[in-house]
Each structure stands twice: as structure tokens, then as C-alpha cells.
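Worksheet for the structure shown next.
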Amino acid sequence: MMSSLALINEFLGQPPNASEHGYQIDHIIEFAHWFMGALFVGWTFFFVFVLIRFRRGRHSKADHTGVRSGISTHLEFSVVLIETVLLIGFAIPLWAKRVNEFPPTQDAILVHAVGQQFNWTFHMPGPDGQFGRRDISLVTNSNPLGIDPNDLAGKDDIVVLGELHVPVNRPVIIELSSKDVIHNFCLPHMRIAADAIPGYLIPMWFKPVKTGNYEVVCGQLCGLGHYSMKGMVVVDEPAEYQTWLKERAELAGTQNAPAPGAPKTENPAARPEQKPAQPAPTPSGE
Ligand SMILES: [Cu+2]
């Protein structure tokens with residue numbers, strides 16, 4: 001339906017859209033480019049007109065007073081008014097809707113995505129639906145997210161490096177954080193991106209409507225290996241997703257079980273008086 005207008009998006013190199021809201025983003029990009037194109041043509045004609053109309057041969061002497069009518073004041077005021085209406089009436093409310101109105105968490109797939117130089121790690125709550133407590137002081141090579149081994153909620157948690165699976169036609173809420181510098185979780189096919197900032201939990205959401213493999217790129221220059229900071233979001237049919245989830249949960253069950261005979265507290269930082277670094281998983285949209 002928007003195939004002719006969409007040519008400009010193809011020209012700009014936009015990959016095909018795979019999310020529910022994506023066509024709205026495409027539409028605004030198309031609109032903005034065609035609108036700018038019209039302004040460019042209009043101003044070019046005006047420029048040529050002015051070159052001819054005020055040529056030296058016709059006005060050998062400059063007029064220091066210039067235009068005497070109030071038309072330019074009216075025009076400038078109208079431009080300010082129209083832009084104010086566009087910004088306050090449309091742009092800000094639409095943006096607020098996107099970042100404040102999240103789908104209900106019980107219908108959604110909840111994931112934590114943690115950026116670090118130079119990869120993405122995904123954390124899912126496992127069969128119990130609860131994220132285990134995370135503490136930066138518990139981070140080791142085998143526990144990249146610092147999940148507390150003494151927290152029961154974390155026993156079945158699923159941690160995957162680089163590749164996330166989600167089912168098609170279900171909203172996905174991703175809470176972003178970073179272990180080192182500012183990264184950006186950018187999903188071009190889903191028409192969504194958000195920064196991952198150390199010390200913050202930033203929620204974002206989208207609803208995939210097409211199965212397939214979709215690349216995650218880091219959208220912030222985050223260091224020398226930035227170019228290689230890629231991940232993958234695989235959108236599965238619900239049955240395939242359940243299979244993946246089950247495999248991952250079984251793997252997590254064997255990995256997270258405490259080794260027999262291991263000392264109770266290996267890390268002194270895991271003492272109970274340490275305050276939890278993990279807020280409630282419900283995104284508040286701040
Ligand atoms: Cu990065």
C-alpha cells in the first residue's frame with residue numbers, strides 16, 4: 001500500500017520491517033524525506049528567482065531598508081506556530097506513548113540484555129518466571145552476569161551469550177544495562193534501539209510479527225571492537241521457541257546446581273547483608 005513511497009526507504013538501505021509498530025517508523029521516515037525533498041525543490045526555485053529578480057543590472061544600488069510589508073514577520077510566525085504544534089501536539093505525545101505504555105508483563109517475554117565490550121548477554125527468568133538476584137561483585141568468567149548462587153530464584157535462570165530466541169507475535173520487553181561503557185541495543189529490522197547505560201536499567205519493547213534471524217548491532221561507538229559487537233534475535237514459531245527454552249532451561253539446571261562438597265560461601269561478597277542490585281523486573285518506563 002505504501003510501496004511507491006517506500007522506495008525512499010529501500011534507497012536508504014532500510015532492511016525489511018519485522019515488527020508490529022515498524023510500519024509507523026517507516027512511514028515517518030518516508031514522510032520526513034519527501035517533505036524535505038519538497039522543501040529543497042521549493043527553496044531552490046526561490047533561490048533562482050531571487051538571483052534573477054535582484055540581479056545587479058536591475059538594482060545597481062542596494063536598498064538598505066529592504067522589505068517594507070509585514071509579510072515575512074507573518075510567515076516566520078506561522079512557521080514557528082506550525083513547528084510548535086508538530087512538536088508538542090504530535091511528536092512528544094507519540095514518543096511518550098512509545099516509551100511509557102508497555103504491554104502487560106504477563107503477556108510478554110521478559111529479557112535482560114547486558115552489554116559489555118564487545119558482546120551482548122541475555123538473561124531470562126527460566127521456568128519459575130523470576131529473575132535471580134544479580135550482583136556485580138559476583139561476576140566471574142563462568143558467571144558473566146553475577147547471578148547470586150544462593151538466590152533460589154536464580155537457580156533456573158537462563159543466560160545466553162549473543163543469541164536470543166523469542167516467539168513470534170508476542171511482545172518482548174527487554175531491560176537494558178551495561179557492565180562497562182554506553183552501548184546501544186539496536187534492532188534495525190524491529191525499528192527499535194535504546195541505549196544501555198552503566199548504572200541504569202532501561203526498558204524497551206517490540207512485537208515481532210515475522211519469523212527469522214535478525215541481527216542486533218551496537219548503536220554507540222563503544223571502543224575498538226565496536227564493529228564486532230553483534231548479536232542475534234531469532235524469532236521462532238511458538239513450538240520451536242518452547243523447545244529452545246526447554247533445552248536452555250535443562251542446561252541451566254545442570255550448570256547452576258552447586259557442585260557437591262563445594263564450600264557454602266565461596267565469595268565473601270555474597271553475604272546476605274549486601275543490598276540487592278536488582279530492582280523489580282517490571283519496567284516502569286522512567
Ligand atoms: Cu557496544
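The conditions are (1) touching a Gly at 6+ places or on another chain (Cβ under 7 Å); (2) in a loop (DSSP other than H, G, I, E, B), and ALA153 fails exactly one of them. Which is it?
(2)
Being open to solvent by 10 Å² or more (accessible area, probe 1.4 Å) and under 25 Å from ASP107 (Cβ atoms) narrows it down to one residue among ILE173, ILE182, ILE202; which is it?
Working: ILE173 fails: open to solvent by 10 Å² or more (accessible area, probe 1.4 Å); ILE182 fails: under 25 Å from ASP107 (Cβ atoms).
Unique residue meeting the criteria: ILE202.
Among the residues of segment 134-164 satisfying the criterion of being charged (D, E, K, R) and surrounded by fewer than 22 Cβ atoms within 10 Å (Cβ to Cβ), which is nearest to the ligand (Cβ to nearest atom)? Reasoning before the result, please.
Keep residues of segment 134-164 that are charged (D, E, K, R), which gives 134-135, 148, 151, 155-157, 163.
Imposing the further condition that a residue be surrounded by fewer than 22 Cβ atoms within 10 Å (Cβ to Cβ) reduces the set to 135, 151, 155-156, 163.
Working: ASP135: 23, ASP151: 28, LYS155: 30, ASP156: 29, GLU163: 17 Å.
Checking each candidate, the answer is GLU163.
What's the number of the only condition in (1) within 16 Å of the ligand (Cβ to nearest atom); (2) at pLDDT below 95; (3) within 22 Å of PHE131 (Cβ to Cβ) that ALA252 fails to meet?
ALA252 satisfies every listed condition except (1).
Mind checking whether some residue in segment 16-27 is in contact with a Phe, Trp or Tyr (Cβ under 6 Å, 6 or more places away or on another chain) and among the hydroxyl-bearing types (Ser, Thr, Tyr)?
Within segment 16-27, one or more residues are in contact with a Phe, Trp or Tyr (Cβ under 6 Å, 6 or more places away or on another chain) and among the hydroxyl-bearing types (Ser, Thr, Tyr).
Against the condition part of a helix (DSSP H, G or I), open to solvent by less than 100 Å² (accessible area, probe 1.4 Å) and without any contact (Cβ under 8 Å) to a residue 12 or more places away in the chain, how does LEU81 come out, does it pass?
Numbers: part of a helix (DSSP H, G or I): yes; open to solvent by less than 100 Å² (accessible area, probe 1.4 Å): yes; without any contact (Cβ under 8 Å) to a residue 12 or more places away in the chain: yes.
Spelling it out, LEU81 is indeed part of a helix (DSSP H, G or I), open to solvent by less than 100 Å² (accessible area, probe 1.4 Å) and without any contact (Cβ under 8 Å) to a residue 12 or more places away in the chain.
Among (1) in a helix (DSSP H, G or I); (2) open to solvent by less than 90 Å² (accessible area, probe 1.4 Å); (3) free of Cβ contacts under 8 Å to residues at least 60 places away in the same chain, there is one condition SER69 misses while meeting the rest; what is its number?
(1)
I'm told ASN119 meets every condition in (1) under 23 Å from GLY212 (Cβ atoms); (2) open to solvent by 70 Å² or more (accessible area, probe 1.4 Å) except one. Can you identify the failing condition by its number?
For ASN119, the exception is condition (2).
Restricting to segment 179-192, what's the tally of residues that are within 13 Å of the ligand (Cβ to nearest atom) and within 11 Å of the chain's Cα centre (by Cα)?
From segment 179-192, those within 13 Å of the ligand (Cβ to nearest atom) are 179-186; that's our starting set.
Those still in the list that are within 11 Å of the chain's Cα centre (by Cα) too: 183-186.
Selection size over segment 179-192: 4.
Does segment 134-172 hold any residues that are within 24 Å of the chain's Cα centre (by Cα) and of a type in the set (Lys, Arg), and which are they?
Passing the criteria: ARG134, ARG170.
If you take the residues in segment 205-229 that are in a strand (DSSP E or B) and more than 10 Å from the ligand (Cβ to nearest atom), which one is surrounded by the fewest Cβ atoms within 10 Å (Cβ to Cβ)? Before the answer, list the steps.
Here is the first cut: in segment 205-229, the residues in a strand (DSSP E or B) are 205-206, 208, 212-218.
From what's left, more than 10 Å from the ligand (Cβ to nearest atom): 205-206, 208, 212-216.
Details: TRP205: 24, PHE206: 22, PRO208: 26, GLY212: 13, ASN213: 10, TYR214: 21, GLU215: 13, VAL216: 25.
The qualifying residue surrounded by the fewest Cβ atoms within 10 Å (Cβ to Cβ) is ASN213.
Name the one entry in ASP195, ASP236 that is of a type in the set (D, E, K, R) and away from the ligand (no atom under 16 Å from the Cβ). Give the derivation first.
Details: ASP195 fails: away from the ligand (no atom under 16 Å from the Cβ).
Within the list ASP195, ASP236, the selection yields ASP236.
Is it the case, given these coordinates, that GLU20 is closer than 30 Å to ALA193 by Cβ and among the charged types (D, E, K, R)?
Values: closer than 30 Å to ALA193 by Cβ: yes; among the charged types (D, E, K, R): yes.
When the stated conditions are applied, GLU20 passes them.
Among the residues of segment 19-40, are any of a type in the set (D, E, K, R), touching a residue at least 12 places away in the same chain (Cβ under 8 Å) and not in a helix (DSSP H, G or I)?
Step one: list which residues in segment 19-40 are of a type in the set (D, E, K, R), which gives 20, 26, 30.
In the following step, the residues that additionally are touching a residue at least 12 places away in the same chain (Cβ under 8 Å) were identified as 20, 26, 30.
The next check asks that each one be not in a helix (DSSP H, G or I); those that pass are 20.
Yes: one or more hits.
With among the hydrophobic types (A, V, I, L, M, F, W, C), within 16 Å of the ligand (Cβ to nearest atom) and either touching a strand residue (DSSP E or B) at 6+ places or on another chain (Cβ under 6 Å) or closer than 25 Å to GLY13 by Cα (or both) as the only criterion, which of LEU201, LEU176 stands out? Give the steps one after another, and end with the answer.
Working: LEU201 fails: within 16 Å of the ligand (Cβ to nearest atom).
Sole residue among the options that is among the hydrophobic types (A, V, I, L, M, F, W, C), within 16 Å of the ligand (Cβ to nearest atom) and either touching a strand residue (DSSP E or B) at 6+ places or on another chain (Cβ under 6 Å) or closer than 25 Å to GLY13 by Cα (or both): LEU176.
Are any residues in segment 16-32 loosely packed, with under 15 Cβ neighbours inside 10 Å and modelled with pLDDT of 90 or more, and if so, which ones?
Answer for segment 16-32, where residues must be loosely packed, with under 15 Cβ neighbours inside 10 Å and modelled with pLDDT of 90 or more: just PRO16.
Given the conditions (1) among the polar types (S, T, N, Q); (2) farther than 19 Å from HIS21 by Cβ; (3) within 14 Å of the ligand (Cβ to nearest atom), which single one is not true for GLN242?
(3)
The values are calculated or read from the model by the stated rules, or taken from the named source; none is laboratory data. Bear in mind that the values here come from a model prediction, so they are computed numbers and not experimental data. With ideal geometry, Cβ positions are generated from the backbone for all residues, glycine too; neighbour counts draw on all protein chains shown. These accessible areas exclude ligands, DNA and RNA; they are computed on the full protein's heavy atoms, side chains included. Shrake-Rupley method; radii C 1.70, N 1.55, O 1.52, S 1.80 Å.
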